[in-house]
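Here is the structure we will look at, set down as structure tokens.
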Amino acid sequence: MKLIEIVQLIEQYQKEENNHQIVYLISLSWIKKFIDSVKLDGKENLPMKPINHDIIDELKTNILQYQDEIYNSFLKDNLRYNVDYIYINEQIWSYLNNLYGGYCIKRQIKNQNQINQLFNFHFIPVHQSQQNYIEGIQQFDTSWNIQQIISHLEQSLQNQLSFQIPKKNFIKLYTLKNENQTNFVQIIKEIKTKKIELEKIEDLAQMHNKKYIIMDIKLFNKEFFFEQTLQINQVKNEDLLNQEYIEYCRKGLSIFEDQQTLLSCMLKCYENIDIIRNEIIYNSNKKYQNLQEILKESYFGFSEYVYYELLDYEFLQEKQVIITKSRYDAVYIYNNENRIIINNQKNIRQLVESLLSHPQLQCDFNSVLFESSNEYYTEDIDFTKPAYSLKEGYKYQLRKLMWQEHNINNDDRIEIRVHPCTYENIGYQQYKPFSPILKCYISQWHKFQDLHLLIANLFEEINFENYKEFRLNKKYSLYFQTDQQGQTKCTFCKQKLCNNCQVPFNEKALNLGRRVINIYVIYQEIQPIVSRYQPQTFDNYFLRDYFEVDWAQDKILILNINQDQIKPYNIRYYFDSNLYQLQGIIEKVSQNEYQCYCWKQQKWYKFTQNKYQMLDYVNDDLNVVKLFYIRK
């Protein structure tokens, strides 16, 4: 259909009385620009931005995707009909979407030609097998009652959960009795400790003026999360500690939002190492008489980070431990291996610049693409970081930018992630990667055949005619990635569970409507796999070699181990000195979780969430981030 015919359909639809129950929303500013351009220019290939890019809220998405797409799209706030958007029918949307792509927004017409209104909440799902907690957005139709809300959520869960659930009646919804000064971290802490005060939602009115909704999911052969028997950990060795020590150990351990933050561990070490505690109390110009005041003031509204810096840099001088570790590795320039030494003497940009004199490059830094990837992940690189921060086990590749990648406007730039794969038939299309991901960039105004040629030249230098005759759908084929579980719409057809659409080879503009596109390159035959270079690491981990001590002044040493440069659990942290004794250790347990060890009364004590225990010894393979030494 010609563009002028689509314009005529739009204008005709706006004049007619709307008798459709389902309508498609389209940006008024976008459609005006489209109509004006068609009437003035008369062209059949107009450059247009993705449809509805200016009225869709891309930052929001439902935690649980509904079966009906009406409820999965989020409009920006305070939009109005005939001011920010108008209605079109499915036929018009289909024509426009095939030409330009964009964001589909379907709604249901209610009274007086108004669409159904949706309202959203911060949504926290919980169940008995849960290890990690997430917070997201979930929106509901204002016309739903509680039974309808639960029904829609149960249908969504049945399609998306990876574990077994009953057929029905496996959801309960709760609101918080008190939402004053509440945040996600506080809620999760109270959920874990079973101290949270909830109110079961029986009526829609209970959700009015509420911010958080907690969804309790009953798993198959298990109870609801909030019906578990509360397990209380009893500390058996409490009588081994004197009353003064118990008092200091407990201060601050239960009032912080997250018991295992780095700040909590810092304060615990400050409390339990006598010299440090006295240094804070007596050398702080009477700003704080004791640590309890610091804890109380932090608890009543002050930022953790403010007090973390205050304690470290005002009261005590913290030292940085810089470890120089090196490894032999390889950068591949057009699949040719180039051996290099990676250490902290250069940052990543300097490392790349040292390779630009290679005969196949001979260009400046802005004319090359350096990437670090494996078969499943590709890294976003900060070129200002030390070269040694490049992840081990990844393939580093360096090449010149191709003609399609030059002079691309940021608004039009698409990142293409290319996955070389072979085909496996295991019930539905499944692709097995055999080589690291490759990146390239292209403008959304380039043609599909330009995309084909760009990807082909990642593997070999080839022109248009040879690619079309010898490679296209012969040696390999190109497919868009679609999430087989139905979570992600296909980049090309905008449908879910499309089982991956093949990338067309034609002269149409891309206009894919996304910034990052994953494309499978499916080879007809299994390709020979060339083993990558295995880097050899050489290092030296004796702590005393890597920091300077002022033997006359430093009675307290707080050593901050730089995790970007070393693997801390390899370090010999038991400092060999007649002058200093190790009295505190902070260990990183997981991404946001820490625990600490303190030397008190000739014994080591380990502190974790809401409990502590006496140890016979401390292992020497801890993932150390901070060490506390006291001069003897």
**Asked** What tally of residues in region 587-603 results from selecting those that are within 17 Å of L267 (Cα to Cα) and out of contact with any helix residue (DSSP H, G or I) (no Cβ under 8 Å at 6 or more places or on another chain)?
**Response** 5
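Could we say that S372 is part of a loop (DSSP other than H, G, I, E, B) and either surrounded by fewer than 14 Cβ atoms within 10 Å (Cβ to Cβ) or not β-branched (V, I, T) (or both) here?
Judged against the criteria, S372 is not a match.
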**Asked** Out of curiosity, is D576 modelled with pLDDT of 80 or more, open to solvent by 80 Å² or more (accessible area, probe 1.4 Å) and in contact with a strand residue (DSSP E or B) (Cβ under 9 Å, 6 or more places away or on another chain)?
**Response** no
**Request:** Filter region 45-58 down to residues that are closer than 14 Å to D412 by Cβ and open to solvent by less than 90 Å² (accessible area, probe 1.4 Å), then give me how many there are.
**Result:** 4
**Message:** So for region 201-213 (the condition being assigned to a loop (DSSP other than H, G, I, E, B), at pLDDT below 85 and of a type in the set (A, V, I, L, M, F, W, C)), does at least one residue qualify?
**Reply:** no
**Prompt:** Just checking, which of T378, T384 is within 23 Å of the chain's Cα centre (by Cα) and either farther than 22 Å from R417 by Cα or open to solvent by 80 Å² or more (accessible area, probe 1.4 Å) (or both)?
**Reply:** T384
**Request:** For residues that are of a type in the set (A, V, I, L, M, F, W, C), part of a strand (DSSP E or B) and under 22 Å from the mean Cα position of the chain (by Cα), tally how many sit in region 112-136.
**Result:** 4
**Asked** Across region 162-179, what is the total count of residues that are surrounded by 15 or more Cβ atoms within 10 Å (Cβ to Cβ), of a type in the set (A, V, I, L, M, F, W, C) and in contact (Cβ under 8 Å) with a residue 40 or more places away in the chain?
**Response** 4
**Request:** Pull up region 134-155, narrow it to residues that are at pLDDT below 85 and surrounded by 15 or more Cβ atoms within 10 Å (Cβ to Cβ), then point me to the one that is nearest to K189 (Cα to Cα).
**Result:** E135
**Complete:** Filter region 61-79 for residues that are crowded, with 16+ Cβ neighbours inside 10 Å and either of a type in the set (G, A, S) or in contact with a helix residue (DSSP H, G or I) (Cβ under 7 Å, 6 or more places away or on another chain) (or both); the one that is nearest to Y24 (Cα to Cα) is S73
**Message:** On the basis of being buried (at least 17 other Cβ atoms within 10 Å of the Cβ) and assigned to a helix (DSSP H, G or I), does V23 make the cut?
**Reply:** no
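For (1) outside any loop (DSSP other than H, G, I, E, B); (2) surrounded by 13 or more Cβ atoms within 10 Å (Cβ to Cβ); (3) modelled with pLDDT under 70; (4) touching a Lys or Arg at 6+ places or on another chain (Cβ under 9 Å), each residue gets a yes or a no:
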{"site": "Q181", "(1), (2), (3), (4)": "no, no, yes, no"}
{"site": "I188", "(1), (2), (3), (4)": "yes, yes, no, no"}
{"site": "I191", "(1), (2), (3), (4)": "yes, yes, no, no"}
{"site": "M215", "(1), (2), (3), (4)": "yes, yes, no, yes"}
{"site": "L253", "(1), (2), (3), (4)": "no, yes, yes, yes"}
**Complete:** Scanning region 31-44 for residues that are farther than 14 Å from I92 by Cα and crowded, with 17+ Cβ neighbours inside 10 Å gives V38
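So that you can scan it fast, the table gives a plain yes or no per residue for (1) farther than 27 Å from Q602 by Cα; (2) within 32 Å of the chain's Cα centre (by Cα); (3) modelled with pLDDT of 90 or more:
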residue	(1), (2), (3)
I273	no, no, no
D312	no, yes, no
I323	yes, yes, no
N366	yes, yes, yes
**Asked** Quick one: which of K43, K33, K106 is touching a residue at least 12 places away in the same chain (Cβ under 8 Å), touching an Asp or Glu at 6+ places or on another chain (Cβ under 7 Å) and within 29 Å of P504 (Cα to Cα)?
**Response** K106
**Residue list for region 1-20, restricted to those being in contact (Cβ under 8 Å) with a residue 40 or more places away in the chain and in a helix (DSSP H, G or I)** = L3, I6, L9, I10, Y13, Q14
**Request:** Taking the residues in region 411-453 that are farther than 19 Å from R532 by Cα, aromatic (F, W, Y) and out of contact with any helix residue (DSSP H, G or I) (no Cβ under 7 Å at 6 or more places or on another chain) as candidates, determine which candidate is modelled with the highest pLDDT.
**Result:** F448
**Item:** Cross-chain or 6+ apart pairs with Cβ under 9 Å, region 180-201 first and touching a residue at least 60 places away in the same chain (Cβ under 8 Å) and under 17 Å from E593 (Cα atoms), then in a loop (DSSP other than H, G, I, E, B) and open to solvent by 80 Å² or more (accessible area, probe 1.4 Å)
**Value:** K189/K195; T193/L230; T193/N610
**Prompt:** Exactly one of (1) at pLDDT 90 or above; (2) under 31 Å from the mean Cα position of the chain (by Cα); (3) within 25 Å of V368 (Cβ to Cβ); (4) not small (G, A, S) is unmet by Y467. Its number?
**Reply:** (2)
**Message:** Out of Q502, Q481, Q524, I need the residue that is open to solvent by 50 Å² or more (accessible area, probe 1.4 Å), closer than 25 Å to S73 by Cβ, at pLDDT 75 or above and in contact with a strand residue (DSSP E or B) (Cβ under 8 Å, 6 or more places away or on another chain). Which one?
**Reply:** Q481
**Prompt:** Any idea how many residues of region 607-624 are in a strand (DSSP E or B), closer than 21 Å to I275 by Cβ and open to solvent by 10 Å² or more (accessible area, probe 1.4 Å)?
**Reply:** 1
**Asked** Pick from I31, I51, I55, I26: which is out of contact with any strand residue (DSSP E or B) (no Cβ under 6 Å at 6 or more places or on another chain), closer than 17 Å to N97 by Cβ and at pLDDT 90 or above?
**Response** I31
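Among the listed residues Q565, Q595, Q553, Q536, which satisfies the condition of being open to solvent by less than 30 Å² (accessible area, probe 1.4 Å), over 30 Å from K475 (Cα atoms) and at pLDDT below 70?
Answer to the selection: Q565.
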**Item:** Count of residues meeting criterion [at pLDDT below 90 and among the polar types (S, T, N, Q)] in region 388-403
**Value:** 1
**Message:** Residues that are more than 30 Å from L3 (Cα to Cα), without any contact (Cβ under 8 Å) to a residue 60 or more places away in the chain and outside any loop (DSSP other than H, G, I, E, B): does region 46-66 have at least one?
**Reply:** no
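The values are calculated or read from the model by the stated rules, or taken from the named source; none is laboratory data. Every value quoted in this text rests on a predicted model; they were computed, and no experiment measured them. Heads up, the Cβs are rebuilt from the backbone with ideal geometry, glycines too, and the neighbour counts pull from every protein chain shown. For the accessible areas, the whole protein counts, side chains as well, though only heavy atoms, and no ligand, DNA or RNA atoms are used. Shrake-Rupley method; radii C 1.70, N 1.55, O 1.52, S 1.80 Å.
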